[in-house]
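Written below as C-alpha cells is the structure these notes are about.
The values are calculated or read from the model by the stated rules, or taken from the named source; none is laboratory data. Since we're looking at a predicted model, the values are computed, not measured. FYI the Cβ positions are ideal-geometry reconstructions off the backbone, even for glycines, and counts take in every protein chain you see.
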Ligand SMILES: [Cu+2]
C-alpha cells in the first residue's frame with residue numbers, strides 16, 4: 001500500500017500555520033544549526049527520509065527556534081448579526097428582526113445591519129419596555145451598521161424609535 005506522501009503535505013501544513021498565526025518567530029538565521037539547513041536541503045532532494053525531516057522540525061520547535069503562538073479561533077461566534085430586513089418599517093408586514101431573539105454569549109459583539117429602504121435606530125429597553133441608555137444608535141441608513149458588546153449575561157430588549165412596534169431581543173448566556 002502506498003503511503004500518503006508527507007512531501008506533498010508538509011508545504012501545505014506550514015502554509016496553514018502561517019495563516020492561523022502571525023506570531024511564528026524565526027530566530028536569527030545564525031541560530032539555525034548547519035545540520036538543520038542540510039536536512040531541509042536534503043529532504044528537498046529526497047536524500048533524507050520524512051521521519052528525519054519531521055524530527056528536524058520537532059527539534060526546531062522544542063528548542064524555540066520556531067515558536068508558535070496558538071490562538072483560539074472563535075471569531076465566527078463572536079460577531080453575530082441581526083438583520084433589519086427590507087420592509088421592516090411596515091407595521092402590518094412580517095419583516096421582523098432576524099433573528100427576533102438572538103442568543104449569544106457574554107463578551108460577544110452584536111452587529112445590526114439595516115437592509116431596509118428607510119432609516120431605523122436600535123434603542124435599548126428594560127424588561128418592562130422602558131427606554132434605557134445601555135445602547136442607542138444614531139439613525140441607520142440603508143446599509144449602515146451598529147455594534148454593541150454585551151459584557152453581562154441577561155435578556156436585553158430593544159426597539160426602533162422611529163417604528164416602536166418593532167421589538168427584538170438579545171439573550172446573553
Ligand atoms: Cu425603524
Checking residue 26 against (1) modelled with pLDDT of 85 or more; (2) in a loop (DSSP other than H, G, I, E, B), which test does it fail? (1)
Quick test of your reading of the structure: residue 132 fulfils all but one of (1) over 23 Å from the mean Cα position of the chain (by Cα); (2) within 16 Å of the ligand (Cβ to nearest atom). Name the failing condition by number. (2)
Please indicate, with yes or no, whether at least one residue in the stretch 108-117 is at pLDDT below 95, away from the ligand (no atom under 16 Å from the Cβ) and farther than 17 Å from residue 83 by Cβ. no
Among the candidates 141, 114, 157, which residue alone is farther than 21 Å from residue 173 by Cα and either surrounded by 13 or more Cβ atoms within 10 Å (Cβ to Cβ) or outside the structural domain of residue 82 (by TED's automatic domain parsing) (or both)? 114
